[in-house]
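Novice: What follows is a structure written as C-alpha cells; I'll ask about it next.
Please treat every number below as a calculation from the coordinates, not as lab data. These numbers were taken from a predicted model, which means no experiment stands behind them. Here the Cβ positions follow ideal geometry from the backbone for every residue, glycine too, while neighbour counts run over all protein chains shown.
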Amino acid sequence: MITKLVKVDAERPDLNVLREAADILRNGGLVAFPTETVYGLGANGLDAEACKKIYEAKGRPSDNPLILTIGDLNGLYPIVNKVTENAEKIIKAFWPGPITLVLPKADCVPDTVTGGLDTVAIRFPSHAVARELIKLAGIPVAAPSANSSGKPSPTRASHVEFDLNGKIDMIIDGGPAEWGLESTILDVSEDKPVLLRPGAVTKEMIEGVVGEIDVDPAVYMKPSADIVPKAPGMKYKHYSPSASVILVSGSRDNVIKKINEKTEEDLKKGLSVGIMATEQTKDCYKAGKILVVGDREKPETIGANLFKILRKFDYIGADVVYSEVFDEDGEGAAIMNRLNKAAAFNYIRC
Ligand code: AMP
Ligand code: MG
C-alpha cells in the first residue's frame, strides 16, 4: 500500500484534504491525523473490519481497546447507553479537550473497539484538524495513538511515517502535537470516578469539578498479579525505546554524579550511552549522548518533548539511557507515568 502524506495548516486546514481523508475513513480505510495530545490512527469506529486494520497496522494486542473520537457533542449519545452525572460535569468543564471518558457502551459499538468490555472510551478532541475531519466523516472515529504498538506515541507526522508507512492509507501532517502525551483517561461509568491514565487534564483539575476521585494503582505502580490496570493498555511495556531506560532519582548533585559514574562504566564496556538531561543540567554531564528533554521550570516543555527524545535515542542507537526524574505534581504525574513505563520502573536511587 502507498501511504499518502499531506501537509495541512493546523488551525485552518484545507477542507478538500479533510474531505478526501473523511471518504477514506467512511470507506473502511486508515488515516493518521494530529490531535492536541499525540497523532491518532483513525478508522470507522462502527465498522469492525476497519477497526481490525488498526490492530494489524499497529501490531496491537486485541485485548487493548480503542478510543472512539467524536467531532461534536451530538456524536456522544448514539455510542453510549448512559451519560452519568459526573460525565456531564467533566464534559462541561473540559470538552473538547485532552480527556477521554469511559462510559457504558451502546450496542452499536463493536467488540473489536472495546476488546469485549461493556464500556467504551470516548474523546472529543479540540484540535481543528481532528474535529473537522471527524465531523466531515460523520461517524465516530476509532483513534488510538498512531505508533507501532510498544513504541513511544507519535508527536509528529514523521514519527507516524517511520512506524506505519506502507501500512495505512493517509497521514495528515498538521505539525507537532502541542501537548505531546496521550489524553487523561477517566472512568465515569460508575458513581466514583477513577483516573486510569494521567494526562493534560490533571487529577487536581478533575477534583475541582467532581470532588475526590480514585486513582487506579497501576498509574503509579508496576503492574503485577495483584495490580491489573483497569485500562488494559496500561499493562503493556509501553512508550519505550529499544534502549534500556534507567531512572536516577535523588538530590541534584547525587543524580549528576551517579549518571556520570554509570556512563563512564558503561562506555568502558563498549555500550552506547544516552543521557536525558534538562536545560538546568545539560552542561553537568561529561560523556555519552546528551539530549535535553526540556526545562524543569516549564514542565509543559518536558511533556511536549518526551516521546520525541525517547525516539531520538533509538535513532542514535543508544543501548542504555539514564534519565533524571521529575516532580509528580500536576502535569508532572503524566510525565512520570510515561517515564516509569518507558523504564519498566527501573530505578537507581542515590
Ligand atoms: P491509546 O489511544 O493508544 O493511548 O490507547 C487507548 C487507551 O485507552 C488504552 O490504554 C486502552 O486500554 C484504554 N481504553 C480504551 N477503552 C477502554 C475502556 N473501555 N476501559 C478502560 N480503558 C480503556
Ligand atoms: Mg497508544
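Novice: Tell me, in nm to one decimal, what length is gained between Lys269 and Arg26 on full extension, where the rule is 0.36 nm per residue of separation less the Cα-Cα distance?
Specialist: 82.1 nm
Novice: Taking chymotrypsin sites (Phe, Trp or Tyr not before Pro) as exposed when DSSP calls them loop (any state but H, G, I, E, B) and at most 15 other Cβ atoms lie within 10 Å, what is the longest stretch of the chain free of them, the sites themselves excluded? Walk me through the numbers before you get to the answer.
Specialist: On the way: sites that count: Tyr220, Phe345.
Here the longest segment lacking exposed loop sites spans 1-219.
Novice: Here is a further query. Roughly how many whole Å is it from the C-alpha centroid of the range 115-181 to that of the range 246-263?
Specialist: If you average the Cα positions of each part, the centres end up 36 Å apart.
Novice: Kindly write out, for the range 271-280 in residue order, the coupling ³J(HN,Hα) from the Karplus curve 6.51 cos²θ - 1.76 cosθ + 1.60 (θ = phi - 60°), rounded to whole Hz, with x marking Gly and Pro.
Specialist: 3J(HN,Hα) across the range 271-280, in whole Hz: 7, 8, 10, x, 10, 9, 10, 10, 3, 6.
Novice: Around Asp319, which amide H atoms from residues at least 5 apart in sequence, or from another chain, sit under 5 Å from its own amide H, with H modelled in the peptide plane?
Specialist: Ser272, Val273, Gly274
Novice: Can you give me the Rg/Rh ratio for the range 29-184, using Cα atoms for both radii and the Kirkwood formula for Rh?
Specialist: Using only Cα positions, Rg/Rh for the range 29-184 is 0.93.
Novice: Using the Karplus curve 6.51 cos²θ - 1.76 cosθ + 1.60 with θ = phi - 60°, what ³J(HN,Hα) values do you get for each residue of the range 202-207, in whole Hz, with x for Gly and Pro?
Specialist: 7, 3, 4, 5, 5, 5
Novice: What is the order of Cys51, Cys108, fewest Cβ neighbours within 10 Å to most?
Specialist: On the way: Cys51 25, Cys108 11.
Sorted ascending by nearby Cβ count, the order is Cys108, Cys51.
Novice: Moving on. If the elastic network links every pair of Cα atoms under 10 Å, which of Ala142, Ala200, Ala48 fluctuates the most in the Gaussian network model of the chain?
Specialist: Top of the fluctuation ranking is Ala48.
Novice: Now, a different point. When a/c is below 1.5 the answer is rounded, else prolate if a/b is larger than b/c, else oblate, so apply that to the range 7-64 with a ≥ b ≥ c taken from the square roots of the Cα gyration tensor eigenvalues.
Specialist: It comes out oblate by the Cα gyration axes.
Novice: Using amide H atoms built in the peptide plane, which far-off residues or other-chain residues are under 5 Å from Thr119 H to H?
Specialist: Long-range HN contacts for Thr119: Lys105.
Novice: Continuing with the same structure: Under the rule of at least 5 residues apart or a separate chain, name every residue whose amide H is placed under 5 Å from the amide H of Thr69.
Specialist: Arg123, Val141, Ala142, Ala143
Novice: Okay, moving on. So for the range 165-324, Kirkwood radius off the Cα pairs, Stokes-Einstein at 10 °C and 1.306 mPa s: how many µm² s⁻¹?
Specialist: It comes out at roughly 88 µm²/s.
Novice: May I pose another question? Out of all DSSP beta bridges in the chain, what portion is antiparallel? Express it as a percent rounded to 5.
Specialist: Counting only bridges with both partners in the chain, antiparallel ones make up about 35 percent.
Novice: Kirkwood Rh, Cα Rg: Rg to Rh for the chain?
Specialist: Working: Rg = 20.0 Å, Rh = 20.5 Å.
Answer for the chain: 0.97.
Novice: Which value in deg cm²/dmol, rounded to the nearest 500, describes the helix-derived mean residue ellipticity at 222 nm for the chain, given -39,500 (n - 2.57) per DSSP H run of n ≥ 4 and division by the residue count?
Specialist: So the calculated ellipticity at 222 nm is -9500 deg cm²/dmol.
Novice: Can you run phi through the Karplus equation (6.51, -1.76, 1.60; θ = phi - 60°) for the range 115-123 and list ³J(HN,Hα) in whole Hz, with x for Gly and Pro?
Specialist: Per-residue couplings from phi come out as x, x, 6, 9, 10, 9, 9, 10, 9 Hz.
Novice: Something else: Pairs Lys4/Lys222; Lys269/Lys308; Lys151/Lys282; Lys58/Lys192; Lys82/Lys298; Lys192/Lys308: which exceed 30 Å Cα-Cα?
Specialist: Lys4/Lys222; Lys58/Lys192; Lys82/Lys298; Lys192/Lys308
Novice: With the Cα gyration tensor of the range 234-338 giving a ≥ b ≥ c as the square roots of its eigenvalues, does the rule (a/c under 1.5 for rounded; else a/b larger than b/c for prolate; else oblate) give rounded, prolate or oblate? List each step's numbers first, then the result.
Specialist: On the way: a/c = 1.72, a/b = 1.24, b/c = 1.39.
Oblate is the answer for the range 234-338, as a/c is 1.5 or above yet b/c matches or exceeds a/b.
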